[in-house]
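A.B. asks: The structure follows.
The values are calculated or read from the model by the stated rules, or taken from the named source; none is laboratory data. Because the structure is predicted, anything quoted here is derived from the model rather than measured. All Cβ positions, glycine included, derive from the backbone under ideal geometry; neighbour counts span all protein chains shown. Ligands, DNA and RNA are stripped out before the accessible areas are found, and what is left, the full protein with its side chains, is counted by its heavy atoms. Shrake-Rupley method; radii C 1.70, N 1.55, O 1.52, S 1.80 Å.
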Amino acid sequence: MNIHSTVKHVFIDGEAGTTGLGIAERLSARSQIKVVSIAAHLRKDPEAKRRLLENVDLAILCLPDEAARETAALVADMGGQAPRLLDASSAHRVAPGWTYGLPELTAGQAAAIAHAQLVSNPGCYATGAIALLRPLVEAGLIPADHALSINAVSGYTGGGKAMIAEYEAGRAPAFELYALGRIHKHLPEITVHSGLKRAPVFVPSVGNFAQGMLVSIPLDLGALGGVQARDIAGAYKVHYPAGGVIRLIEALGEGGRLEPQALNGTNDLEIRMYEYAANGPLVLVARLDNLGKGASGAAVQNMDLMLGLHKD
């Protein structure tokens with residue numbers, strides 16, 4: 001496709017899934033975007049997909065990991081006719097040659113996404129955890145080999161079709177821990193893109209609400225060699241300039257309680273700090289929409305960077 005064309009053609013591969021539907025809804029009123037679809041009976045036809053891919057500017061992969069790898073391999077064989085790829089699966093989040101699609105990760109990341117041929121959209125839990133950790137590791141406030149634990153709760157739409165069906169049929173509990181006894185698929189990207197050398201202990205959970213997310217990380221300031229809460233707040237302010245989608249909320253005002261759904265329908269992420277005592281326990285919390293900044297919203301943000309677009 002002509003990169004200078006006024007209207008950009010975008011193929012959502014897997015548009016019937018939760019993330020694909022969310023992206024399509026966000027793009028439905030965008031005059032600069034034409035969403036291209038493939039007929040249902042041709043979705044697994046490599047040649048039909050190749051012909052479609054030759055005529056789009058960007059393909060967004062909303063597929064299971066193995067299917068995303070297959071489409072990425074197909075595109076790799078297309079040479080100069082290949083579109084740019086934005087992969088919303090977990091297949092390429094720590095893969096060589098792929099740019100991590102968190103524009104706020106560090107200075108220059110948004111520009112790297114804008115120029116990348118291959119971009120991996122972050123996972124929802126990972127977005128919250130990395131937003132909390134990367135500025136502190138980068139500033140030297142948390143050692144890269146520090147022992148960390150991460151607790152998180154998500155709405156059930158982040159758990160895939162089977163989990164969604166259980167909750168919407170009324171067969172699921174009000175709250176549950178899950179992925180116990182195994183490595184969660186978001187942990188590699190959390191470790192790598194937070195700048196850590198030691199993987200955190202990660203305990204995900206799901207609540208009986210459709211969407212919304214809280215990611216919390218407890219810190220013992222006494223174990224961090226004199227680091228104080230104001231140092232951490234200062235690092236966040238430097239890392240996340242005013243006016244961005246990630247912001248530090250300093251006026252807590254919630255009586256020590258925080259619910260997960262306040263940012264639903266947005267692409268925002270809030271960081272909050274709860275200090276129990278001076279130089280004592282500190283809890284860092286990220287609040288976001290698991291379908292917004294945690295999935296579809298982030299994909300559209302990355303798409304705009306890759307195609308040089310502004311929301312209209």
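A.B. asks: Please go through region 121-186 and write out the trypsin sites (Lys or Arg not before Pro) that DSSP classes as loop and that have at most 13 other C-beta atoms within 10 Å. Numbers along the way, then the final one.
C.D. replies: Numbers: sites: Lys161, Arg171, Arg182, Lys185; in loops: Arg171, Arg182, Lys185.
Taking region 121-186 and a limit of 13 other Cβ atoms within 10 Å, the loop trypsin sites (Lys or Arg not before Pro) found are Arg171, Arg182.
A.B. asks: So, one more: Restricting to DSSP loop positions (anything but H, G, I, E, B) with no more than 14 other Cβ atoms inside 10 Å of their own Cβ, which trypsin sites (Lys or Arg not before Pro) remain in region 218-300? Show your work: numbers first, answer last.
C.D. replies: Numbers: sites: Arg230, Lys237, Arg247, Arg257, Arg272, Arg287, Lys293; in loops: Arg257.
Counting only loop positions with at most 14 other Cβ atoms within 10 Å, the trypsin sites (Lys or Arg not before Pro) in region 218-300 are Arg257.
A.B. asks: Compute the longest continuous run of the chain that contains no exposed GluC sites (Glu not before Pro); treat a site as exposed when its DSSP state is not H, G, I, E or B and it has at most 15 other Cβ atoms within 10 Å. Write down the numbers at each step before the final one.
C.D. replies: Numbers: sites that count: Glu54, Glu250, Glu254.
Here the longest run is 55-249.
A.B. asks: With a 1.4 Å probe and every protein chain kept in, tell me what percent of the accessible surface of region 141-225 is carbon plus sulfur. Could you put the intermediate results ahead of the total?
C.D. replies: Details: 2250 of 4050 Å².
Answer for region 141-225: carbon and sulfur cover 55 percent of the accessible area.
A.B. asks: Excluding ligands, DNA and RNA, what is the solvent-accessible area per residue of the chain at a probe of 1.4 Å, expressed in Å²?
C.D. replies: Details: 13980 Å² over 312 residues.
About 45 Å² of surface per residue is accessible.
A.B. asks: Can you give the log10 of the normalised intensity I(q)/I(0) at q = 0.09, 0.12, 0.15 Å⁻¹, computed with Debye over equal Cα scatterers of region 137-252?
C.D. replies: Ignoring solvent entirely, the Cα scatterers give -0.33, -0.57, -0.84.
A.B. asks: May I ask for the longest run of the chain untouched by chymotrypsin sites (Phe, Trp or Tyr not before Pro) that are loop-located per DSSP and have at most 14 neighbouring C-beta atoms (other than their own) within 10 Å?
C.D. replies: On the way: sites that count: Tyr178, Tyr276.
Excluding the exposed sites themselves, the longest stretch runs over 1-177.
A.B. asks: So, in Å, what gap is there between the alpha-carbon centers of region 184-249 and region 93-146?
C.D. replies: One Cα centre to the other: 12 Å.
A.B. asks: Right, another one. Taking square-rooted eigenvalues a ≥ b ≥ c of the alpha carbon gyration tensor, is region 217-280 rounded, prolate or oblate, where a/c under 1.5 means rounded and, failing that, a/b exceeding b/c means prolate? All intermediate terms of the calculation are to be shown ahead of the outcome.
C.D. replies: Working: a/c = 2.55, a/b = 1.47, b/c = 1.74.
Oblate.
A.B. asks: In addition: Hey, which of these cross-link pairs are over 31 Å Cα-Cα: Lys44/Lys185; Lys161/Lys237; Lys161/Lys293; Lys44/Lys197? Please report the intermediate quantities before stating the final value.
C.D. replies: Details: Lys44/Lys185 25 Å; Lys161/Lys237 38 Å; Lys161/Lys293 20 Å; Lys44/Lys197 40 Å.
Flagged as over cut-off: Lys161/Lys237; Lys44/Lys197.
A.B. asks: Which of the lysines could be linked to Lys49 by a straight reach, that is with a Cα gap under 16 Å, when you skip same-chain ones fewer than 8 residues away?
C.D. replies: none
A.B. asks: Tell me the accessible surface of Ser149 in square angstrom (1.4 angstrom probe, heavy atoms of protein chains only), to the nearest ten.
C.D. replies: Counting only protein heavy atoms, Ser149 exposes about 40 Å² to solvent.
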